[in-house]
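The values are calculated or read from the model by the stated rules, or taken from the named source; none is laboratory data. Keep in mind that this is a model prediction, so the values were computed, not measured. Positions of Cβ are backbone-derived with ideal geometry, glycine not excepted, and every protein chain shown enters the neighbour counts.
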Amino acid sequence: MPGRRTNPVPARITASWRVMHIPELFAMIATHLEREMVDLVALSTVSKHVRLLTLPHMVRYLDVRVTRSDEICRFFDAAHPSLVNSIEFIRIREDDIYEKFRHRPHSKRTKYPVPRFPVHWKWGEVGHLLHLIENRRKTPLPRIDVSIGASDLAFLKPNLDRSPKLMKRVCALRILVDIDGSDHALYPTESHLWAALIDAFGTSWDFFPSVIQDLSSPNLVLFEMDNSVYRPFPGHSILPIGPAAEHWSVAVRHLARHVKELSVAFCYADIDLTGYQSVLSAAWPKLRKAEIKFSSIRLETEHIHINQFLVTNGARLERLGLDLLKNGPVGFDNIFPKLQILSLPRSVFEYEGDRWPGRRSTFGLRHSHSVRDWSLSGCMVSEVKPLIEHPLRASMFEQMRVLRASKEVAEHFIRAGARPAHLQLDAAKELDSLQFWRWINSKGLRKAAETITCLDIEISNESLSDLNLQLGHVFASNHFPNLQELVLCSTSPVPGGQDISPDVAAAELRRTLIALRSARKLRALRIEHMGAVWLPPDRRSPLMTISKCPPALEYVSWHVHLRNSTQYFRVVRKQGKESNQLQHLPPSFRVKIRAEDGVWEQESDLRRAAVLFDHSGGGRPELILS
């Protein structure tokens, strides 16, 4: 009896059949669809044959949320064990902790799902999944990007120990110190609460140096530690809970050898500078990016360690961000020959030993050829004006592609000759108070208006409903002819915001889209306001129907502050008289995974993270792709 053919050739071979049965051609199509994923999922429903072809592409970038690790583990363990060979990049993240602790002031999460089991129980599922991947046939093993709450380090360690080969494939480790005092009612006194927290974190920090030592390898190129966030405590008190000095010493000794990107935010109440001196006094021979956030109450010590760090490592830095609350470094004598992205908060100019504007002028002169992204948020014109008072400021402005500053600083820079493509303005009370669309279209500045491709605006005293009455005029193409991305945030309270229904919220979004029809080249829009609620992910729902929108619009981002989470949509245009639709996209569609080192790029600055396109190049802004 002849064997049964699993994929019989049809009597009439069609073009679509040929495409689906030519592996190389199908792979090209599927790879193109990996970015937005929804089309790949739809394609997988065509037939069993097509589903088998699409599944390897659907797991190529594996995003493991620890809260759902049991589901992912079952998918590979029971149904599709061979698919572990198709995984190329992995991200493991404690999504619940990051959504709870990392947020902008107006976006504090208030609604939490109640898990059936404690989240730390699910680290066992993560360990089992990693064990499956370690024992696969295909080599090399995938690189792994890990984001974890510090309280769970004790659960990470034993589960990584089960896969020693994969431990050396970890390319990024991000630790958020998740100190939570919001459950203080469970303890009789605040001292009892602190005793419980210190006991829990003490166990985790005991594992900290050994975790770093186990993961240390040339593959570990990114390290991030954030000890600057916490949940409310009674009396608004906060005490430092971090690794002991001896633990930091061991960790830094292993990290400094390989790390290229370093981001550390220290607890402001740590008067003993625990870890601060270890990190900043070390030599990091491969460091390319550094972000340091700290404010000691010891005025005489902070800038000394920062300066030592800049002198030792500055020659290689391509990105530098400083966030120092009380006083900044006297670092304007330094030279950063490779610097491209620079964030200088106002505190840098406040140190009493740096009163001479000439030092800032020579700093601008030395770096006029390289820096393309300037962040001067919170600074006044008088503080930053010297940065451009030098003979090479024309070269400096030619390099400048991104400017983050107050409306006054932005106007001063643009009138002086700057032509940024991406303009992020400090928060204002009303949209009309910014006035920038008026002066930027004045005689001699029209070129500046034509250069702008992205505007990031934050308003505190006007709701989205108020703004919708102004958007059509302010952002019209006759004002900004090449505007392709708009980030609009309103932090003005909305009455009954928690009780707004999805249909009411969607109706307001529709009015925003209608108002912005005059922005003819707008391709990406982000809305963040206090009346946003979660829109149901049902493609057939009338909530997703839009009758009119900007003609070039491709993507809409909708941030829901009650969840501290963003929904992403793409515009699906219909032929004829049919209404267009907003189709849900997975959040992972906008994540860039660097093929060269496996890092999933995650911007720690949440306002920077809101921007979808890359506007720092000289051409058409594009979605940052893997």
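Numbers below:
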quantity: Among (1) modelled with pLDDT under 90; (2) in contact with a strand residue (DSSP E or B) (Cβ under 9 Å, 6 or more places away or on another chain); (3) in a loop (DSSP other than H, G, I, E, B), the one test that Leu339 misses; calculated: (1)
quantity: Extreme residue, surrounded by the most Cβ atoms within 10 Å (Cβ to Cβ), among residues of the stretch 60-78 that are under 17 Å from Phe155 (Cα atoms) and β-branched (Val, Ile, Thr); calculated: Val66
quantity: Complete set of residues in the stretch 381-440 that are crowded, with 18+ Cβ neighbours inside 10 Å and of a type in the set (S, T, N, Q); calculated: Ser406, Gln424
quantity: Residue under evaluation Ser465, criteria (1) touching a residue at least 12 places away in the same chain (Cβ under 8 Å); (2) of a type in the set (S, T, N, Q); (3) part of a loop (DSSP other than H, G, I, E, B), criterion not met; calculated: (3)
quantity: Any hit, the stretch 208-217, residues being closer than 30 Å to Leu83 by Cβ, among the hydroxyl-bearing types (Ser, Thr, Tyr) and out of contact with any helix residue (DSSP H, G or I) (no Cβ under 7 Å at 6 or more places or on another chain); calculated: yes
quantity: Leu193 assigned to a loop (DSSP other than H, G, I, E, B), in contact with a helix residue (DSSP H, G or I) (Cβ under 7 Å, 6 or more places away or on another chain) and modelled with pLDDT under 80; calculated: no
quantity: Any pair with Cβ under 8 angstrom, 6 or more apart, that starts in the stretch 172-198 at a residue that is over 30 Å from Ser217 (Cα atoms) and of a type in the set (Asp, Glu) and ends at one that is assigned to a loop (DSSP other than H, G, I, E, B) and modelled with pLDDT under 75; calculated: Asp180/Arg231; Glu190/Phe233; Glu190/Ser237
quantity: Ser463, sole failed condition from (1) in contact with a Leu (Cβ under 8 Å, 6 or more places away or on another chain); (2) closer than 17 Å to Ala427 by Cβ; (3) surrounded by fewer than 22 Cβ atoms within 10 Å (Cβ to Cβ); (4) hydroxyl-bearing (Ser, Thr, Tyr); calculated: (1)
quantity: So Asp152, is it closer than 23 Å to Glu99 by Cα and touching a His at 6+ places or on another chain (Cβ under 6 Å); calculated: yes
quantity: Cys489 in contact (Cβ under 8 Å) with a residue 12 or more places away in the chain, within 24 Å of the chain's Cα centre (by Cα) and under 17 Å from Asp432 (Cβ atoms); calculated: yes
quantity: Near pairs, Cβ below 6 angstrom, 6+ apart or cross-chain, from the stretch 120-144 (farther than 13 Å from Ser69 by Cα) to any residue that is basic (Lys, Arg) and surrounded by 20 or more Cβ atoms within 10 Å (Cβ to Cβ); calculated: Leu141/Arg169; Arg143/Arg169; Ile144/Arg169
quantity: Cβ-Cβ under 6 Å pairs, at least 6 apart or on other chains, the stretch 558-587 side in contact (Cβ under 8 Å) with a residue 12 or more places away in the chain and buried (at least 17 other Cβ atoms within 10 Å of the Cβ), far side among the small types (Gly, Ala, Ser) and not in a loop (DSSP other than H, G, I, E, B); calculated: Thr566/Ser557; Tyr568/Ser557
quantity: Verdict on Val259 being crowded, with 19+ Cβ neighbours inside 10 Å, at pLDDT 95 or above and part of a helix (DSSP H, G or I); calculated: no
quantity: Residues that are in a helix (DSSP H, G or I) and either under 27 Å from the mean Cα position of the chain (by Cα) or under 20 Å from Met530 (Cβ atoms) (or both), drawn from the stretch 433-461; calculated: Ser433, Thr451
quantity: Residue satisfying all of: in the stretch 282-308; at pLDDT 70 or above and part of a loop (DSSP other than H, G, I, E, B); surrounded by the fewest Cβ atoms within 10 Å (Cβ to Cβ) among these; calculated: Ala283
quantity: Test result for Ile179, among the β-branched types (Val, Ile, Thr), surrounded by 21 or more Cβ atoms within 10 Å (Cβ to Cβ), under 22 Å from Thr67 (Cβ atoms) and modelled with pLDDT under 95; calculated: yes
quantity: Candidates Pro542, Pro551, Pro587, Pro537 - the one that is out of contact with any helix residue (DSSP H, G or I) (no Cβ under 6 Å at 6 or more places or on another chain), modelled with pLDDT of 85 or more and of a type outside the set (A, V, I, L, M, F, W, C); calculated: Pro551
quantity: Residue list for the stretch 482-510, restricted to those being surrounded by fewer than 16 Cβ atoms within 10 Å (Cβ to Cβ) and not polar (S, T, N, Q); calculated: Pro493, Pro495, Gly496, Asp499, Pro502, Asp503, Val504, Ala507
quantity: Failed condition for Thr451, given (1) of a type in the set (Ser, Thr, Tyr); (2) out of contact with any strand residue (DSSP E or B) (no Cβ under 7 Å at 6 or more places or on another chain); (3) in contact (Cβ under 8 Å) with a residue 40 or more places away in the chain; calculated: (3)
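Residue-by-condition table, conditions (1) crowded, with 18+ Cβ neighbours inside 10 Å; (2) touching a helix residue (DSSP H, G or I) at 6+ places or on another chain (Cβ under 7 Å); (3) modelled with pLDDT of 80 or more; (4) under 25 Å from Val371 (Cα atoms):
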{"site": "Tyr268", "(1), (2), (3), (4)": "no, no, no, no"}
{"site": "Tyr276", "(1), (2), (3), (4)": "yes, yes, yes, no"}
{"site": "Leu280", "(1), (2), (3), (4)": "yes, yes, yes, yes"}
{"site": "Gly321", "(1), (2), (3), (4)": "yes, no, yes, yes"}
{"site": "Gly331", "(1), (2), (3), (4)": "yes, yes, no, yes"}
